[in-house]
1. Filter the stretch B:90-107 down to the residues that are over 16 Å from B:Leu150 (Cβ atoms) and in contact with a Lys or Arg (Cβ under 7 Å, 6 or more places away or on another chain), then identify the one that is nearest to the other protein chains (Cβ to nearest Cβ).
2. Taking B:Leu147 as the residue in question, decide whether it is over 23 Å from B:Ala121 (Cβ atoms) and surrounded by 23 or more Cβ atoms within 10 Å (Cβ to Cβ).
3. More than 12 Å from D:Leu63 (Cα to Cα) and either in a helix (DSSP H, G or I) or of a type in the set (Lys, Arg) (or both): which single residue out of D:Ala148, D:Ala152, D:Ala134 fits that description?
4. Just checking, which of D:Ala207, D:Ala200 is touching a Leu at 6+ places or on another chain (Cβ under 6 Å), more than 14 Å from chain E (Cβ to nearest Cβ), assigned to a helix (DSSP H, G or I) and crowded, with 17+ Cβ neighbours inside 10 Å?
5. When only residues in the stretch D:155-190 that are touching a Pro at 6+ places or on another chain (Cβ under 7 Å) and assigned to a helix (DSSP H, G or I) count, which is farthest from the other protein chains (Cβ to nearest Cβ)?
6. Taking the stretch E:132-148 only, how many residues are farther than 17 Å from E:Ala57 by Cβ and either touching a Cys at 6+ places or on another chain (Cβ under 6 Å) or of a type outside the set (Val, Ile, Thr) (or both)?
7. If I filter the stretch C:49-56 for residues that are away from ligand 1 (no atom under 16 Å from the Cβ) and either at positive phi or of a type in the set (Lys, Arg) (or both), do I get at least one hit?
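The values are calculated or read from the model by the stated rules, or taken from the named source; none is laboratory data. Treat the numbers as computed from the prediction; the structure is a model and nothing was measured. All Cβ positions, even for glycine, are placed from backbone atoms using ideal geometry, and neighbour counts span all protein chains on display.
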Amino acid sequence: MSARGPFRDKPQDKVLIRVEALALSRGGRVLFENLSFAAAPGDYVEVQGSNGSGKTSLLRAVAGLLRPRGGVIAFEGAEEPSLALHYVGHANGLKREASAREHLRYWTGLFGGSASEDDVAQTLEIGRVMDLPVRVLSQGQARRLALSRLLIAPRPVWLLDEPVAALDDAGKAAVNGMIASHRATGGLVIAAVHEALGPAPTKTLQVRR
Amino acid sequence: MSARGPFRDKPQDKVLIRVEALALSRGGRVLFENLSFAAAPGDYVEVQGSNGSGKTSLLRAVAGLLRPRGGVIAFEGAEEPSLALHYVGHANGLKREASAREHLRYWTGLFGGSASEDDVAQTLEIGRVMDLPVRVLSQGQARRLALSRLLIAPRPVWLLDEPVAALDDAGKAAVNGMIASHRATGGLVIAAVHEALGPAPTKTLQVRR
Amino acid sequence: MFAFLANPARFMAFSAWAAPVLFAGALILFATGIPWALFYSPPDYQMGDTVRIMYVHVPAAWWSMGAYAFMAGASFVGLVWRHVLADVAARAAAPVGAVFAAICLVTGSLWGAPTWGTWWEWDGRMTSMLVLFITYLGYIALWNSVEDEERAARLAAILCLVGAINLPIVKFSVDWWSTLHQPASIMRSGGAAINGEMLGPLLTLGGAYLLLFGALTLMNMRSAIFRRRVESAELRRAQS
Amino acid sequence: MSAFAATFRRELALMWAGGGAIAPLGYFFGATMLVPLAMGPDRALLETAGPPLVWIAAALSVLAMLERLFQADLEDGSLDQMLLSPAPLEVIASAKGAALWVAIGLPIALAGAPVAIALQAPVERVPLIVASLALGTAAFVGVGLIGAALTASVKRAGVLLALIVLPLFAPPIIFGASVASGEEVFAAFSILGGCALAGAALGPIAAAAALRLQAE
Amino acid sequence: MSAFAATFRRELALMWAGGGAIAPLGYFFGATMLVPLAMGPDRALLETAGPPLVWIAAALSVLAMLERLFQADLEDGSLDQMLLSPAPLEVIASAKGAALWVAIGLPIALAGAPVAIALQAPVERVPLIVASLALGTAAFVGVGLIGAALTASVKRAGVLLALIVLPLFAPPIIFGASVASGEEVFAAFSILGGCALAGAALGPIAAAAALRLQAE
Ligand code: HEM
Ligand SMILES: Nc1ncnc2c1ncn2[C@@H]1O[C@H](COP(=O)(O)OP(=O)(O)OP(=O)(O)O)[C@@H](O)[C@H]1O
Ligand SMILES: Nc1ncnc2c1ncn2[C@@H]1O[C@H](COP(=O)(O)OP(=O)(O)OP(=O)(O)O)[C@@H](O)[C@H]1O
Ligand SMILES: [Mg+2]
Ligand SMILES: [Mg+2]
């Protein structure tokens, strides 16, 4: 992967996340209460916990996709809140019938990016399958395509839910490289993982029921 | 997990798999040619390879879901070929609106099993979510549910595609336990993995383009 | 004959001269049939000169059904004996049959305007012919929308066989519903019941359509086989 | 529990998951409701045009359920499991067909009664309409299984499906409508029965043959 | 490329993936073909009942596309991305609506010409029918967006969708049918235009509001 990621085109906002006394519930059942943490530019926060403990729910709450039961989630320093974050969840957000290239092009429009498709494809080594429909991609190829969203448009905060699921060693290295260069430019990464990704986390959150 | 899995009710066939000069292609592109191996009862075969190399395709071909381009795949010793194998692929084969319990009940009918739902749920520690629809399950919970198919009805051959994807440590241990007791009763496991599961493989297949 | 042609190489050699010969035959029959029908056959005592549409309409009707029956046969062979050439033949015949069906519908409709005073009526025969036309479209669309050719061939063959149920309905619709359309007057038990002077050009043109159908189908098959060869050559090149 | 029973039960549960047995009827009632709106309240017109339109609505209601019948199974991996089941795929396909008929054919047949009355059909003809709808929807389901299986792997299958299936819906509709309007009831009924039988017998076989080709 | 253009382009490509612009027409042609099959060849009947039925077929064709419009996005995670886009969700929803109209409304309006003729509409009224169908399908799409967004997270949404949407389809159908049968054409046309405008303006706003509630 190129050391200078395509997201480096504009200098990005420095965003600080502050979570206070967060309580989440799903279907009426409380997942956890009173979770507080803060993350600053350059931080890498790892969220750990057993299956069903609420890692995904936490990330979705931070992304604003899940309404918390209580507490505060604040993005400080984001000039334009709608440009603050990228979220790559368990679901890849891909359409079976569209090609990888069509996805990149769509995201470029949707997120207002200016990165070159081919740079992005090269970083994640999906150049060879760019014109195949997602339906025929292998699991790992599809995951790489979903991750390529991160490079399409610059966003200070990356929320990653098991980013390296289904990736081979080269894929894991590529993701680690992306995280490293993102942090180097003042980006902030929160990732939910079952196995430590590689970079030493600045902070580890244990989600426990 | 219980040492005596629910699949132990009937003594199972001893099946031997012989693959000779197998060639697979997808969309007109040859994935690999001339792959040969044999696996005997008690064996654990690990399939390795980078993303898109053809691990999934290999498992699907062995399962009879993908027609090979050439070569032989033979199950020897299977009295009833339709009772020879279980396949757990990347796709979990779950319906969003049905509950975990409904899935187990359906598979019991579909595969002709006699295992008790609660034993199975206990082995994979999904008892607490048995009556929730799959839609609300966490990623790991859904994967556990898919894996519970293995215990519903006895089958000598298990074909597992990244079985522990999305599982926490307890889940991985449960899967390893299931594999161990399956092998102990003469079962045969072929698993595609990115990271070694735990048990020392009797054989490792490298799928390489 | 089928066994002989089953070998694609032999088929290519055979069709290389058969297609032009059939085509030439069709031209000759058209060249005799059309003037005969237009100038030397009598007008109908009821319909006058509009009866001449018949020489276009009826052969098109016959061979749109004939083409479908051929496709159904080829599909059966393809499904049961897994014969690639049969799949190719079925696919190649479809557009020709579809065009014949369209010709039958359009000329029937043109003919209907002066004789029945309507462009279209939902009588049994017209409806079942329309159904046949739509079945053709569905068949072609299915072929085109499945990428893997082998799979497309089998799926289309299943559809073709299921759709064949419609053929007897088209054929016997006039007997089952006695409505506007003519009952069969030529192909029926008890011999033809049509003026001999009309029968001559009609049969000539029927033969012309048949030869044309054969020629076009063979040509379609040849181009499909060529395309496959090119594709597999490209594949081999890409992989070496 | 047999594979047939298990599949039947699960499919029925999934189809009813939306809102109980009321649900499939919504489409049917909705579609028939449009008729007087579009045609105006002219009683004589409704009287002749109404009953046949019940049939169109029934055909379209079944059609609306077909697109995802097997496509969803293919996408989420359930189809693989069906193919690996020791039960013949024909049995599984017919269980899905049976569930579809119970979930939508049967309610439509029953709903046919009030709808036919609302559309001014003579009361004494209502039981006949109900019975013929039950047979006709069975034929639709049989044919529909084939179409759904053929198009399971096709993108945006809906329209190809309509192209394939609607021509084959034609015979039950024609004869069903002739029952509804009281012409040659006996002959029409026996043909309808034949269509239903043929659909129920051939549908699962052809559908299974097509489905076996869809996994890869 | 703006978010509107990107979404429009992608949606159109996905909707046409099946078989080009011909595809959406199959359903429409199929549905209208059923009409005379069911009603029999009675010319006078078709002449009065036919043109309104074109409208019913158009409404049902749009309806058939709605069920998975947002549901698929919810299931595969695309909806999350739309919610996180800097572009307002209203813009994205209206791009989806525009694509839907181009993919299906426009072809239906054009196909309305031959269909109206087949159903015995007088030839001189055909351009009017085409224009009114173009407006009417725009109204359907606008309303449909709302229904599709409201039911995105509902299992087997299709029928609930029909219940929500079809009553709202009523005004365009009523006035569209009156254009088709040549009554009070001018008044009907302006009301149709109003429906289309209201649908195009309100549909995306209401749909966006509903969609924001669907993620969790
Ligand atoms: C679009 C409307 C029409 C359609 C779809 C249609 C269809 C057909 C078909 C399928 C046949 C072949 C019958 C067979 O060989 O069994 C046929 C034959 C024939 N049609 Fe038509 N037809 C149409 C309109 C008309 C009209 C308007 C006339 C004349 C008034 C007409 C006169 C005939 C005649 C004379 C035959 C030959 C019957 C025979 O000898 O078998 N058709 N038509
Ligand atoms: N509607 C609901 N009713 C009851 N429980 C629910 C509902 N929705 C979600 N849950 C539960 O909430 C938890 C959600 O967990 P979440 O998806 O956040 O877990 P996770 O930590 O990401 O797990 P995994 O490691 O498996 O991905 C699960 O235990 C799930 O069963
Ligand atoms: N129709 C097609 N046309 C071209 N290539 C195809 C087609 N279908 C599949 N492929 C390719 O074949 C390969 C299939 O790989 P498969 O899913 O077996 O990989 P895998 O080893 O399981 O990978 P992963 O680790 O990512 O799961 C991929 O590279 C995919 O892009
Ligand atoms: Mg999770
Ligand atoms: Mg794989």
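1. Here the residue is B:Glu97.
2. Here the answer is no, as B:Leu147 does not meet what is asked.
3. D:Ala134
4. D:Ala207
5. Among residues in the stretch D:155-190 that are touching a Pro at 6+ places or on another chain (Cβ under 7 Å) and assigned to a helix (DSSP H, G or I), the one farthest from the other protein chains (Cβ to nearest Cβ) is D:Ala180.
6. Within the stretch E:132-148, residues that are farther than 17 Å from E:Ala57 by Cβ and either touching a Cys at 6+ places or on another chain (Cβ under 6 Å) or of a type outside the set (Val, Ile, Thr) (or both) number 4.
7. no
So that you can scan it fast, the table gives a plain yes or no per residue for (1) touching a Pro at 6+ places or on another chain (Cβ under 6 Å); (2) assigned to a loop (DSSP other than H, G, I, E, B):
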| position | (1), (2) |
| --- | --- |
| B:Leu94 | no, yes |
| B:Glu97 | yes, yes |
| B:Arg101 | no, no |
| B:Ser114 | no, yes |
| B:Ala121 | no, no |
| B:Arg128 | no, no |
| B:Arg135 | no, no |
| B:Leu145 | no, no |
| B:Arg149 | no, no |
